[in-house]
1. Out of ARG113, ARG149, ARG141, report the one residue that is at pLDDT below 90, open to solvent by 60 Å² or more (accessible area, probe 1.4 Å) and either touching a strand residue (DSSP E or B) at 6+ places or on another chain (Cβ under 8 Å) or not small (Gly, Ala, Ser) (or both).
2. Just to be sure, is TYR75 buried (at least 18 other Cβ atoms within 10 Å of the Cβ) and touching a residue at least 40 places away in the same chain (Cβ under 8 Å)?
3. Would you confirm whether any residue within the range 98-113 is among the polar types (S, T, N, Q) and either under 23 Å from ARG67 (Cα atoms) or assigned to a loop (DSSP other than H, G, I, E, B) (or both)?
4. Could you check how many residues of the range 17-57 are of a type in the set (D, E, K, R) and modelled with pLDDT under 75?
5. Got a sec? Which of ARG130, ARG87 is basic (Lys, Arg) and surrounded by fewer than 14 Cβ atoms within 10 Å (Cβ to Cβ)?
6. When you look at ARG67, is it modelled with pLDDT of 90 or more, within 20 Å of ARG141 (Cβ to Cβ), open to solvent by 50 Å² or more (accessible area, probe 1.4 Å) and touching a helix residue (DSSP H, G or I) at 6+ places or on another chain (Cβ under 9 Å), yes or no?
Amino acid sequence: MIPDHNNRDAAATPPDALHVMPVEPSLHRAMLRLRVRPAQRYRVGAMADLLADVTQCPGSEPMAIMRGDTPIGYYRIDASARSVAGRDFAQPARGLRSLFVDADWQGRGLGARAVALLLEDLAVRHPATRLLVLTVDCDNRAATRIYQRAGFVDGGARYHGGRCGPQQLLLRALP
C-alpha cells in the first residue's frame, strides 16, 4: 500500500496496515523510541544520531515504516547514490541507508514487506529514479537475503571502510 501523502483517507486504510511515509515533525518523538536488538546496534546506531545525520545531508529523506499510526522502522533515501557507493551511475540513482525494523517487530517478515513498500513509494515520489543503491555488511546474511528477494543484485564492488567490516554493493533497477 502506497500512502497518499496529500489525502490520507483513514476510513479506507486498515488501522494496522503497513505503509511508509516521510518522517514528519509530529513523528519525531515516536521515532526516537525505535530500537534494534543489542547485537545490531553496531550496524545501525542510535535513532537520534540517524535523524541528526539527515539534517547534515541535503537531499536526504528520512522515512518511517508505519503500522497504522505507529512507527515500527526507519530508512533513509539519499538524493545521490554517490553518498552510498562513492561513485556516480549512468542512470539516475538514489541511495538507501539505515533500513531497520524495531526490535519488537522483527521476525515477522516486516523487513521484506517494508522493502517492497519503499520501492513502490520511491517509484511514486521519484519516478525519474532508475536505480536504487545500498551497501550491506558482508556478514549480514539476513539483510542480504531480504534485499536479494526484492530484486537487488551484486554491484560487483566491496567497500572496506565500514565500521562493521567489508560491505557489499547492491543495486536494484527500477521501472
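The values are calculated or read from the model by the stated rules, or taken from the named source; none is laboratory data. Everything quoted here is computed from the prediction, not taken from an experiment. Counting neighbours? That spans all protein chains shown, and the Cβs are built from the backbone with ideal geometry, glycine included. Accessible surface areas use protein heavy atoms only, side chains included; no ligands, DNA or RNA. Shrake-Rupley method; radii C 1.70, N 1.55, O 1.52, S 1.80 Å.
1. Criteria check complete, one pass: ARG141.
2. Considered against the rule, which asks whether it is buried (at least 18 other Cβ atoms within 10 Å of the Cβ) and touching a residue at least 40 places away in the same chain (Cβ under 8 Å), TYR75 comes out as yes.
3. Among the residues of the range 98-113, at least one is among the polar types (S, T, N, Q) and either under 23 Å from ARG67 (Cα atoms) or assigned to a loop (DSSP other than H, G, I, E, B) (or both), which makes the answer yes.
4. Number satisfying all stated conditions: 0.
5. Exactly one residue qualifies, and that residue is ARG87.
6. No.
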